[in-house]
Amino acid sequence: MNKVNGIMRFPVVLLTLALMPHPALAQLPVATVLRTTAPVIVDGVLDEPDWAEAPDIGELRQREPLQGEKATELTSVKLMYDEGNLYVGILCYDSEPKGIISTQLARDAQIGADDSIEILIDTFRDRRNAYYFATNPAGVLVDGLIIDNGTLNRQWDAIWTVRTARSDTGWSAEFAIPFKSLSFREGQETWGFNIARTIKRKVEESRWAAPRLDVRFYQVSEAGEMEGLAGVRHGLGLDVRPYGSGKWLHMGDTSDDSLAGQAGGDVFYSLAPSLKWTTTFNTDFAETEVDDRQINLTRFPLFFPEKRAFFLENAGAFSFGGSGTGRSPELIPFFSRRIGLVRGNEIPILAGTKLTGKAGRFDIGVMDVQTRDAGEFEGKNFFVGRVKRNFWR
């Protein structure tokens with residue numbers, strides 16, 4: 001500290017050192033993925049020989065309660081892949097295995113009160129969008145899409161598998177994520193990756209990349225990398241989901257019979273590993289979950305999220321205004337629930353088609369939907385298109 005002309009001056013270097021992050025927080029971690037040719041049995045027990053040869057990605061450090069410090073319990077994470085799947089094997093060591101908390105079993109359950117593992121995979125390494133997978137010691141399946149570097153859409157469901165196992169040393173989890181369930185750019189051998197572990201009884205969260213209190217797990221830009229995904233292919237990329245429904249009515253008094261029914265389906269086709277074309281005919285939303293019951297005590301209408309599979313597929317292509325904070329934007333220029341629903345009444349959809357994905361540095365989203373006539377409501381055509389280009393990194 002110096003005194004010049006009556007003004008107290010402090011060395012700037014002290015302030016600079018105080019603001020420097022913990023050395024463990026400033027590094028971008030990189031993991032290596034092992035190619036396996038032997039079959040992998042997904043049972044939650046990492047007993048295949050290739051798991052022993054796969055390199056550990058490195059230690060997880062505390063995000064809380066002690067930012068940047070070593071985790072109180074060891075977590076070993078290994079990555080492997082074959083022609084069809086990406087495998088993630090986790091050994092969650094625990095000095096008090098009887099204290100492990102696991103209460104949820106339902107698909108996409110809220111597991112914030114359980115011990116858990118969360119995984120983030122940024123297949124395009126665009127540092128803005130990613131796939132999200134999570135589980136607890138009971139093996140629950142939780143998945144979603146991370147959009148615009150911070151917003152998680154939990155309504156998206158993919159085809160994947162996870163199995164867990166308990167032991168005297170803790171618990172383990174084995175993920176198998178088919179490449180057919182992901183969109184990616186062929187030839188790109190490096191993907192974004194991050195993993196976090198929560199030990200609920202200790203109120204402890206440890207993370208592989210960016211274990212900082214000012215960084216949420218959904219911030220894709222702060223994820224590390226996994227490299228070595230050579231020769232990954234998407235396959236044919238064709239998914240057909242047909243449906244049929246019928247109704248038979250028999251009148252006992254007149255013995256008259258009436259039969260009615262309809263059929264339709266959805267077709268998903270990958271024109272390229274990074275570009276998906278989706279088409280729906282006579283769309284059936286019977287599998288869609290009902291909205292949560294809410295009581296509205298304001299003069300504003302309630303906001304209900306989109307839950308229909310056709311509209312959820314690559315929904316990030318039509319999202320605007322994401323701030324990376326995880327909060328819903330105040331302005332929503334396009335909201336797909338306006339299509340097929342009017343004042344709580346379902347309007348049948350005749351057909352719809354959608355093209356979404358990436359081409360070079362461009363994000364593409366084009367959708368057209370035609371509804372049927374329904375009582376007082378006339379059928380209408382809805383079209384939306386968006387093209388976005390990414391600059392620099």
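The values are calculated or read from the model by the stated rules, or taken from the named source; none is laboratory data. The structure displayed is predicted, hence computed values, not measured ones. Counting neighbours? That spans all protein chains shown, and the Cβs are built from the backbone with ideal geometry, glycine included. Ligands, DNA and RNA are stripped out before the accessible areas are found, and what is left, the full protein with its side chains, is counted by its heavy atoms. Shrake-Rupley method; radii C 1.70, N 1.55, O 1.52, S 1.80 Å.
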Can you tell me which of Phe382, Phe133, Phe124 moves the most in a GNM of the chain? Springs connect C-alpha atoms under 10 Å apart.
Phe382
For the pair Asn390/Asp239, report the inter-label distance in nm, with labels modelled 7 Å from Cα in the Cβ direction.
2.1 nm
Assuming 0.36 nm per residue, please report the length gained on full extension of the stretch Val203 to Ile159 beyond their Cα-Cα distance.
12.7 nm
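Using a 1.4 angstrom probe, figure out how much accessible area the chain has per residue, in square angstrom, rounded to the nearest whole.
Numbers: 21530 Å² over 393 residues.
Accessible area per residue: 55 Å².
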Which of Arg154, Arg216, Arg299 moves most in a GNM of the chain, Cα contacts under 10 Å?
Arg299
Label region 128-167 by shape, choosing from rounded, prolate and oblate, from the square roots a ≥ b ≥ c of the eigenvalues of the Cα gyration tensor; if a/c is under 1.5 it is rounded, and otherwise prolate applies when a/b is larger than b/c, oblate when it is not.
prolate
Enumerate the calculated ³J(HN,Hα) couplings along region 116-129 in order (Karplus 6.51 cos²θ - 1.76 cosθ + 1.60, θ = phi - 60°), each rounded to whole Hz, writing x wherever the residue is Gly or Pro.
7, 10, 10, 10, 10, 10, 9, 5, 8, 6, 8, 6, 9, 10
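Taking 0.36 nm per residue of sequence separation and subtracting the Cα-Cα distance, how much length would be gained by fully extending the chain between Asp168 and Leu271, in nm to one decimal?
Details: separation 103, 0.36 × 103 = 37.08 nm, distance 4.81 nm.
Gain on stretching Asp168 to Leu271: 32.3 nm.
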Pairwise label distance in nanometres, Ile332 with Glu227, each label 7 Å out on the Cα-Cβ vector:
4.1 nm
Within the accessible area of the chain (1.4 Å probe), percent carbon and sulfur
55 percent
Estimated distance in nm for a label pair at Leu66 and Ala374, the labels positioned 7 Å out from Cα along Cα-to-Cβ:
5.8 nm
In the chain, what is the count of Lys pairs whose alpha carbons are under 21 Å apart, counting only pairs at least 8 residues apart or on separate chains?
16
For Kirkwood radius over Cα pairs in Å, the listed values are [x] 23.7; [y] 22.1; [z] 21.5; which was obtained by calculation from the structure presented?
[x]
Residues whose modelled amide H sits under 5 Å from the amide H of Leu60, counting only those 5 or more places away in sequence or on another chain, are Thr75
State the extension gain, in nm to one decimal, for the chain segment bounded by Thr279 and Leu350, taking 0.36 nm per residue of separation less the distance between their alpha-carbons.
24.5 nm
